[in-house]
Amino acid sequence: MNTRRQFLTRTGLAAAGLVYSPLCADQRDRKLETRNPWIYHFKIGEIDAWSISDGFMHFGQGLSLMYPVSERKKMVQALKSHREPIDKIPLYVNVLVIKRDKEVAIFDAGFGGVPNNRKGWLSEAMKKIGIKPEQITVSFLSHCHVDHIEGFVADGKPAFPNAALHITPEEFAFWRAKEPDFSLTKRNPKSIPSMVKMAKRNLEILNPQKVLTKVGSELLGGAVTVEDGFGHTPGHAIYRIKSGAEELLHIVDLAHHHLLMFQNPNWAIGLDNIPKRAVQTRKRVFAQAASERTRCYGFHLPYPGLGVVTGNEKSYQWKPERLEW
Ligand SMILES: [Zn+2]
């Protein structure tokens, strides 16, 4: 028995059902000695696609990060009934790369080369699949949070020097404003100044590559459509990728958890910038994806992030796709 399990048994927490985890304590607490850039190849019609794990982390704040506060007891019940941890929120970081003819596109870029074995794996994975940074022709920045933007910059320069960087005008204007408006967010106010500084610094470096791309725009010969995912940030984009009869909807940050935001789409993470709008957007997109049985991909859903949304407006479920070789 390991130390953590001994501790839990001693304190009776485990027996009281207050600590739940589908992973054994060894897995959750071990320090990663080696980096682990998972790569999963799949197809969207004729398009080659890779889901790359840039890393994995937990939000140690657990359910104190989730709103509304009045619903937290129900959230605990939902997590317990699925044997999910209630003390930490798991967060996967999945980067989508697609190749269509000579065009190679990347959708967000992870944390970048951070000195941490748990994240920043993208560049190693790209080497493994044989795509050099110079070969990326198109890049999409859904929004400017650190786990999405930092990987676009390496050593103070653009990481993908030949790629146009598509960002919605709303997202760009928000972060470039003298004082971006955080009046509606439940985010810890202390975290805001450093986040704004990071986003502004990165956008400055990426400015020569940026293309302000409105919702409804089609890229890669019509294969990618930029759609409205507004709310998590003011210009948060989601993407629909089509090839022949097949389609993939990249829902990016419409859900940070595979159970909570699906079981009740009103349950929201405190990191949303415009909370009401984020919930409205999630409901609209989930309703459409469920009724049209759209194959989806989530930036923060359990790796490799592929699945479908089932259910109806009362309660949805995330059904992960089985891996196929
Ligand atoms: Zn995110």
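The values are calculated or read from the model by the stated rules, or taken from the named source; none is laboratory data. Computed from a prediction, not measured in an experiment: that's the story for all the values here. Counting neighbours? That spans all protein chains shown, and the Cβs are built from the backbone with ideal geometry, glycine included. Note: areas computed on protein heavy atoms with side chains; ligands, DNA, RNA excluded. Shrake-Rupley method; radii C 1.70, N 1.55, O 1.52, S 1.80 Å.
Accessible area of the stretch 40-320 with a 1.4 Å probe: how many percent of it is carbon plus sulfur?
Values: 6220 of 11910 Å².
Heavy-atom surface of the stretch 40-320 belonging to carbon and sulfur, 1.4 Å probe: 52 percent.
Using DSSP to call loops (not H, G, I, E or B), can you name the trypsin sites (Lys or Arg not before Pro) in the stretch 55-147 whose Cβ has at most 11 other Cβ atoms within 10 angstrom? Before the final figure, lay out the partial values.
Numbers: sites: Arg72, Lys73, Lys74, Lys80, Arg83, Lys88, Lys99, Arg100, Lys102, Arg118, Lys119, Lys127, Lys128; in loops: Arg83, Lys88, Lys102, Arg118.
Hits after loop and neighbour filter: Arg83, Lys102.
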Legend entry - Fully extended contour minus Cα-Cα distance, from Asp48 to Arg322, at 0.36 nm per residue: 96.8 nm
Legend entry - Cα pair distances in the stretch 36-104, grouped into 5 Å bins until the bin that holds the longest one, percent each: 4, 14, 16, 15, 11, 11, 11, 10, 6, 2, 0
Inset, instruction - Work out how much length Glu292 to Lys80 would gain on full extension: take 0.36 nm times their residue separation and subtract the Cα-Cα distance, in nm to one decimal. - result: 73.3 nm
Inset, instruction - Whole Å is fine, so just give me how far the alpha carbon centre of the stretch 249-325 lies from that of the stretch 182-246. - result: 18
Inset, instruction - Mind running the shape call on the stretch 174-294? Use the C-alpha gyration tensor, a ≥ b ≥ c as the square roots of the eigenvalues: rounded below 1.5 for a/c, prolate if a/b tops b/c, oblate otherwise. - result: oblate
Inset, instruction - Please go through the stretch 42-112 and write out the GluC sites (Glu not before Pro) that DSSP classes as loop and that have at most 12 other C-beta atoms within 10 Å. - result: Glu46
Inset, instruction - On a 0 to 90° scale, report how tilted helix 192-206 is relative to the longest principal axis of the chain, with both axes built from alpha carbons and the result rounded to the nearest 10. - result: 30
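In the stretch 245-325, which GluC sites (Glu not before Pro) are in a loop and have at most 16 other Cβ atoms within 10 Å, using DSSP for the loop call?
Filter output for the stretch 245-325: Glu313, Glu321, Glu324.
Specify whether the C-alpha gyration tensor of the stretch 267-309 places it in the rounded, prolate or oblate class, a ≥ b ≥ c being the square roots of the eigenvalues: rounded for a/c under 1.5, otherwise prolate if a/b is larger than b/c and oblate if not. Walk me through the intermediate numbers first.
Details: a/c = 3.38, a/b = 1.33, b/c = 2.55.
Taking the square roots of the gyration eigenvalues as a ≥ b ≥ c, the stretch 267-309 is oblate.
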Legend entry - When each of Lys43/Lys319; Lys88/Lys283; Lys99/Lys119; Lys99/Lys128 is checked by Cα-Cα distance, pairs over 22 Å: Lys88/Lys283; Lys99/Lys119
Inset, instruction - Determine how large the accessible area of Trp267 is when every protein chain is in place; take a 1.4 Å probe and give Å² rounded to the nearest 10. - result: 10
Legend entry - Of Leu203, Ala159, Ile192, farthest towards positive along the dipole that unit charges on Lys, Arg, Asp, Glu beta carbons give the stretch 152-223: Ile192
Legend entry - For a label point 7 Å along the Cα-to-beta-carbon line of Arg72, residues of the stretch 257-281 with backbone N under 14 Å: 268-270
Legend entry - Label-to-label distance, nm, for residues given as Lys200 and Asp101 (7 Å Cα→Cβ offset): 4.2
Legend entry - Segment Ser183-His41, extension gain: residue separation times 0.36 nm, minus the distance between their alpha carbons: 47.0 nm
Legend entry - Three-way shape call for the chain based on the alpha-carbon gyration tensor, with the a/c threshold at 1.5: rounded
